[in-house]
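The values are calculated or read from the model by the stated rules, or taken from the named source; none is laboratory data. All of these numbers come straight from a predicted model, not from anything done at the bench. Reconstructed Cβ throughout: ideal geometry from the backbone, glycine too, with neighbour counts over all protein chains shown.
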Amino acid sequence: MEIGIIGVGMMGQPMAKRLIAAGHSLIIYDTRNDAVAPLVALGAKLASSPQDVADRVETVMASLPEPHIVKKVATGEGGVIHGKKIKRFIDLSTTGPGVAAEIAAELKKKNIAQVDSPVSGGVAGAIKGTLAVMVSGPQPDIDVVKDALSVFGTVFVVGHQPGMAQTVKLANNFLSASSMAATSEAIVMGVKAGIDPALMLDVINAGSGRTTASSGKFPNNILPRTFDAGFATALMLKDVRLCLQEAKALGVPTDMMGMVASLWERTASEMGADKDFTTIVQTVEKRAGVTVQKKK
Ligand code: NAD
């Protein structure tokens, strides 16, 4: 099918490549030329604005960094809401349920459906097509895009109210954020006690402490000191803040969320918000005076 994609960064780029490989025709737009060039080389057509994308296709996807950017691209001046052809807007970004509902209400006035479709599984999952794809929105529009979304991974239809999939995504990322923070403290403790972190991870991954941090990010991106998982601290902090905001709005206790949010605030200010989120371990290393590195 013909699909528009707005935002082809860390996640949008590999997802767009998978759509092309599956035989879909893409119209793409990104504010960065270096992001669009590799896709144009693969046959994607370039649009000049979000509205231009929405003038040319019925289905427009977006993978954008921050909720205010998603809102502007969807409903602002030059946004997809003004497009002549668009019938549905599929938001692959982590936008949060509040903004998702606001966008859905605005788009509905123009008979454009909003389908929330946040994803989990990182850049590696986007490349391999093994993402968890969480979907909420009108069933007829989900039916139209389900096959295309399944190119990204496993599709889970969460419900039909706008934002429901976003709530699941926030819960997921809060857990991922917590496990990165907790695993950082646990492994740094072992290193300070003189234990090889690689051995410690082997034990934990064979035991009950296993998490995606201990089985994925620590062995792949932290022990080799590459810090290249492909997810910026700014985005993790955004997700934890959105989760905290949502839990508070729902009247749910947020003791853990508050603590985890403050650790990510510290990572952003000490390491840089634009740095990879795996640098959270360095904030713990600095205080403990050790480095998490495989023993020779
Ligand atoms: P990114 O910053 O790498 O990519 C975003 C892209 O959007 C960039 O190429 C940027 O140039 C473009 N962009 C920004 N403003 C724009 C605008 N106004 N119009 C058009 N393009 C614009 O971010 P990412 O890591 O790919 O994340 C995208 C979304 O997916 C975020 O909401 C993030 O939270 C979520 N997410 C990321 C990961 C990950 O591991 N990176 C995993 C799951 C979900």
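Odds and ends about this structure:
- Exactly one residue out of A16, A44 is within 21 Å of the chain's Cα centre (by Cα) and more than 9 Å from the ligand (Cβ to nearest atom): that is A16.
- Filtered residues of region 48-70 (kept if near the ligand (Cβ under 10 Å from one of its atoms) and closer than 18 Å to M1 by Cβ): V53, A62, S63
- Taking region 93-124 as the range and being within 8 Å of the ligand (Cβ to nearest atom) and of a type outside the set (S, T, N, Q) as the test, the residues that pass are P118, V119, G121, G122, V123.
- Strands (runs of 3 or more DSSP E) contained in region 63-173 and holding at least 3 residues within 12 Å of the chain's Cα centre (by Cα) and crowded, with 19+ Cβ neighbours inside 10 Å: 131-136
Matching residues to (1) over 20 Å from the mean Cα position of the chain (by Cα); (2) in a helix (DSSP H, G or I); (3) under 22 Å from P67 (Cα atoms); (4) within 16 Å of the ligand (Cβ to nearest atom):
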residue: V191; (1), (2), (3), (4): yes, yes, no, no
residue: N205; (1), (2), (3), (4): yes, yes, no, no
residue: M236; (1), (2), (3), (4): no, yes, yes, yes
residue: V240; (1), (2), (3), (4): no, yes, yes, yes
residue: E246; (1), (2), (3), (4): no, yes, yes, yes
residue: P253; (1), (2), (3), (4): yes, no, no, no
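- Cβ-Cβ under 9 Å pairs, at least 6 apart or on other chains, region 277-296 side on the phi > 0 side of the Ramachandran plot, far side loosely packed, with under 14 Cβ neighbours inside 10 Å and not charged (D, E, K, R): none
- Of all residues in region 126-156, those that are closer than 20 Å to A100 by Cβ and either in the same structural domain as L263 (by TED's automatic domain parsing) or among the hydroxyl-bearing types (S, T, Y) (or both) total 1.
- Complete set of residues in region 23-44 that are surrounded by 14 or more Cβ atoms within 10 Å (Cβ to Cβ) and in contact with a helix residue (DSSP H, G or I) (Cβ under 8 Å, 6 or more places away or on another chain): H24, L26, I27, I28, Y29, D30, A35, L39, A44
- With respect to being closer than 30 Å to L107 by Cβ and either buried (at least 16 other Cβ atoms within 10 Å of the Cβ) or of a type outside the set (V, I, T) (or both), D202 falls outside the description.
- From the list I6, I28, the lone residue that is assigned by TED's automatic domain parsing to the domain that holds V99, within 11 Å of the ligand (Cβ to nearest atom) and under 20 Å from I142 (Cα atoms) is I6.
- Comparison of K248, K294, K238, K275 shows that the only residue that is within 21 Å of S214 (Cα to Cα), assigned by TED's automatic domain parsing to the domain that holds F174 and basic (K, R) is K275.
- Members of region 263-296 found to be surrounded by fewer than 13 Cβ atoms within 10 Å (Cβ to Cβ) and either among the acidic types (D, E) or modelled with pLDDT of 95 or more (or both), listed by number: S269, D274, R287, G289
- Residues of region 45-59 satisfying the condition of being more than 23 Å from P140 (Cβ to Cβ), of a type in the set (A, V, I, L, M) and surrounded by 18 or more Cβ atoms within 10 Å (Cβ to Cβ): A47
- Here A206 clears all of (1) small (G, A, S); (2) touching a residue at least 60 places away in the same chain (Cβ under 8 Å); (3) out of contact with any Gly (no Cβ under 8 Å at 6 or more places or on another chain) except the condition numbered (2).
- Qualifying residue in region 177-186 (condition: part of a loop (DSSP other than H, G, I, E, B) and surrounded by 14 or more Cβ atoms within 10 Å (Cβ to Cβ)): no
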